[in-house]
């Protein structure tokens, strides 16, 4: 059975981002083993200290709970990143995890580009503000780059705006895209 890893970056366990995740996991039921990493509730993750050890070996110099996340990332067939937008970025606890994924970017420096299996991925984002042009650009760019570093083809980027006033059910197109994503994964 395929494994789907969801990196969840919301402070709100029952918020709009989780609504998107739940819809996805409901449609993945029986098709994929789903594991959710709740970035907000991780207790022992240190920030990247830019020591550049990962430029030499495929390993982080810091050994903490991120070691378990590395293992989950390595085992995953699909990687979903789901987060709200906090001042045009993913929330800090999720950013902490993303920064520690430098070890995957560093494969270009180490020249071991072929050691990862091919994966699929997707991005789910929510924003409290009413929709405006390029609302999610600064969140999407680093998340797509991480998927690329993990050899994960980004199948879709699904966003909902105005979540301060609307719910996922106000976005039938987004709901259909999430269902389609689950079928594709």
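Read-outs: derived from the displayed coordinates by stated rules, not from any lab. What you see is a predicted model; the values in this text were computed from it and never measured. Note that each Cβ is placed from the backbone with ideal geometry, even for glycine, and that neighbours are counted across all protein chains shown.
Points to keep in mind about this one:
- Residue among 182, 174 that is in contact with a helix residue (DSSP H, G or I) (Cβ under 6 Å, 6 or more places away or on another chain), surrounded by 12 or more Cβ atoms within 10 Å (Cβ to Cβ), touching a residue at least 24 places away in the same chain (Cβ under 8 Å) and in a helix (DSSP H, G or I): 182
- Filtered residues of segment 151-167 (kept if touching a helix residue (DSSP H, G or I) at 6+ places or on another chain (Cβ under 8 Å) and either part of a strand (DSSP E or B) or surrounded by 20 or more Cβ atoms within 10 Å (Cβ to Cβ) (or both)): 153, 154, 155, 156, 157, 158, 159, 160, 163
- Selection of segment 132-150 for residues being in contact with a strand residue (DSSP E or B) (Cβ under 8 Å, 6 or more places away or on another chain), over 16 Å from residue 16 (Cβ atoms) and not in a helix (DSSP H, G or I) yields only 150.
- Any chance residue 128 is touching a strand residue (DSSP E or B) at 6+ places or on another chain (Cβ under 7 Å) and closer than 23 Å to residue 179 by Cα: no
- Candidate set: segment 31-45, residues that are touching a residue at least 40 places away in the same chain (Cβ under 8 Å), out of contact with any helix residue (DSSP H, G or I) (no Cβ under 6 Å at 6 or more places or on another chain) and part of a loop (DSSP other than H, G, I, E, B); chosen: the one farthest from residue 12 (Cα to Cα): 31
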